[in-house]
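The values are calculated or read from the model by the stated rules, or taken from the named source; none is laboratory data. Predicted model, so just to flag it, every value in this text is computed and none were measured. Note that each Cβ is placed from the backbone with ideal geometry, even for glycine, and that neighbours are counted across all protein chains shown. Accessible surface areas use protein heavy atoms only, side chains included; no ligands, DNA or RNA. Shrake-Rupley method; radii C 1.70, N 1.55, O 1.52, S 1.80 Å.
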Amino acid sequence: MRHKVASGLLIASVIAWGIWCGGQVFNELMTVPIWSAAPPESLKVHAELPRKGGAPFFPLFGPLFAVLAIGAALAAWKFARRSRKWLVLSAFIAIAVSISLMYLAPLVGSMFRHSMARDLPASDIVAGVERWKFGNRVRLIVELFGFVCSVVALRVWAAEATSPNERTG
């Protein structure tokens, strides 16, 4: 039973990592260039665009991929041998990404707020946006590595699970 739970969590972790990374790549390629084109005015214009529908992608998937990566590592630990390092890497990267978001999310939020309020010099807003863009790109590279680690963890786990010599329990 625990082996099946671990397998399910690993599969769910890979799916959540994939959705998260896909959303982040889309954001980097399609959304960020629009609102960061000419700060602070481009942030203000983007913030004033009408919004209808949609789902809270970042608050939903941000915690989900991290919780699933950690849960998969914990659930699979007893049975894992060769996949342990990949499970740990995936979980560690998920935690690191979550921690980085505690800096990056408030930074970009404050740049939008200051652009709307016009209470900060434009040069400060430009500098804040550039700091955020750099941090976001570093985070994206790390996230993509975390996604690869989760895929490798699942692949190695599956090979361990089907090998009669490797599987215990």
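The helix-only estimate of mean residue ellipticity at 222 nm for the chain, built from DSSP H runs of length n ≥ 4 each weighted as -39500 (n - 2.57), is -27000 deg cm²/dmol after division by the residue total. Listed by chain and number, the lysines whose alpha-carbon sits under 16 Å from that of Lys4, ignoring those within fewer than 8 places in the same chain, are Lys78.
The largest accessible area among Val67, Val97, Val108, Val126 belongs to the first residue in Val67, Val126, Val108, Val97, and the rest follow in falling order (1.4 Å probe, all chains). Here the 3J(HN,Hα) profile of the range 35-44, calculated from phi with Karplus coefficients 6.51, -1.76 and 1.60 at θ = phi - 60°, is 6, 9, 4, 8, x, x, 4, 5, 5, 4 Hz, Gly and Pro shown as x. In terms of Cα to Cα distance under 28 Å, which lysines are near enough to Lys133, apart from those fewer than 8 places away along the same chain? Once the sequence-local lysines are set aside, what remains near Lys133 is Lys44, Lys52.
With q set to 0.12, 0.16, 0.23 Å⁻¹, the log10 of I(q)/I(0) for the range 103-160, from the Debye formula over equal scatterers at the Cα positions, is -0.45, -0.59, -0.85. Across the protein chains, with a 1.4 Å probe defining accessible surface, the residues Thr31, Thr162 rank Thr162, Thr31 from largest area downward. Karplus-based coupling profile of the range 135-146, in residue order and whole Hz: x, 5, 5, 4, 4, 4, 4, 5, 4, 4, 5, x, with θ = phi - 60° in 6.51 cos²θ - 1.76 cosθ + 1.60 and x standing for Gly or Pro.
For trypsin sites (Lys or Arg not before Pro), the sites in the range 89-169 that DSSP calls loop and that have at most 15 other Cβ atoms within 10 Å are Arg118, Arg167. With a Förster radius of 22 Å applied to the C-beta separation of Ser98 and Phe145, the computed FRET efficiency comes to 0.90. Its residue count N fixes a reference of 2.2 N^0.38 Å for the chain, and the Cα radius of gyration divided by that reference is 1.26. Taking 0.36 nm per residue of sequence separation and removing the Cα-Cα distance, the Glu48/Arg81 pair yields an extension gain of 6.7 nm. In units of the rule-of-thumb radius 2.2 N^0.38 Å, the range 22-87 shows an alpha carbon radius of gyration of 1.71.
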